[in-house]
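All of the numbers you see were taken from the coordinates with simple rules; none came from a lab. Not measured: the values here are computed from a predicted model. All Cβ positions, even for glycine, are placed from backbone atoms using ideal geometry, and neighbour counts span all protein chains on display.
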Amino acid sequence: MHKLVADEVGGAEDPQLHYERWQWGGRLPSKRLRGVRGSNVLGLLTFDSDLVHTLDVAGPEVQRSVAFLSAQRACEAAGLTDVEWVAPALTALAQGHPLPPPFDDDDQMWETLRSSSLVAGPTVLGAMPPERPPYFPPPPAGWAWVPSAEQRDDGATHYELDRLPGSRTPMTSASLLVYHSTPDVRGPISQPYFALPAVLAAAEPDPLKAALDTVWHALHTHGEHYPELLKEIWAVCSV
């Protein structure tokens with residue numbers, strides 16, 4: 001029976017910081033990452049938290065390279081690179097120029113896509129993040145969260161505090177339920193509708209936000225094949 005003890009989860013760390021550390025993949029975010037919460041950074045964390053922190057410290061040049069690569073790969077996956085109104089936008093991104101029409105107007109961009117005759121690509125399922133261990137609040141010093149032998153019909157595991165051997169801490173009591181959800185398989189996606197936002201995101205003035213958001217949209221454009229994209233992005237970050 002596994003015990004989740006205090007020194008495994010940070011001991012007396014402030015509960016809010018303790019949860020935030022878990023949310024951000026085992027480390028606290030920088031001030032800059034906190035400042036881009038209006039982006040898709042929290043969603044990207046669920047897929048690859050290490051990449052989020054790496055992009056944060058990578059510097060503007062690498063961030064721009066990642067943003068452009070992600071937009072380009074998104075358009076390739078969606079079969080858009082040779083479309084006459086998409087190709088100039090990718091050229092503009094590569095040259096650091098403003099996006100041309102119809103990308104300068106969201107409504108016009110979507111209307112152009114809806115009215116375009118595109119050859120449908122192979123069916124791609126939606127991207128699903130990898131499973132991660134559930135969150136446990138830090139137990140009091142000298143105590144551990146221990147799963148009980150109780151079996152629940154709803155699939156949850158009941159945890160209670162158990163005093164560690166040799167501990168002389170005062171008696172306390174607490175319990176929690178941990179639900180182990182079954183991942184849903186996401187159905188087929190329309191890749192162009194994820195790829196175009198990647199192009200828009202790559203033109204974002206803030207290089208960090210551009211990188212985070214473009215990776216997010218490109219990741220979902222690739223759907224179930226997103227690990228291939230992340231490998232290529234990691235290669236850019238490692239240069």
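Can you compute log10 of I(q)/I(0) for the stretch 191-239 with the Debye formula, treating each Cα as one identical point scatterer, at q = 0.28 Å⁻¹?
-1.04
Could you please report the charge total around ALA218, scoring K, R as +1 and D, E as -1 over all other residues with beta-carbon less than 12 angstrom from its beta-carbon?
Numbers: positive: ARG73; negative: GLU76, ASP213, GLU228, GLU232.
Counting the neighbours of ALA218, the net charge comes to -3.
Beta carbons within 10 angstrom, averaged per residue: use that to sort the peptides 230-236, 210-216, highest first.
On the way: 230-236: 14.6, 210-216: 29.0.
Going from most to least packed, we get 210-216, 230-236.
Highest mean first, how do 125-134, 33-42 rank when packing is the count of other Cβ atoms within 10 Å averaged over residues?
Highest to lowest by the protection proxy: 33-42, 125-134.
When Lys and Arg each count +1 and Asp and Glu each count -1, what net charge do the other residues less than 15 Å away from SER30, Cβ to Cβ, add up to?
For residues surrounding SER30, the net value is +3.
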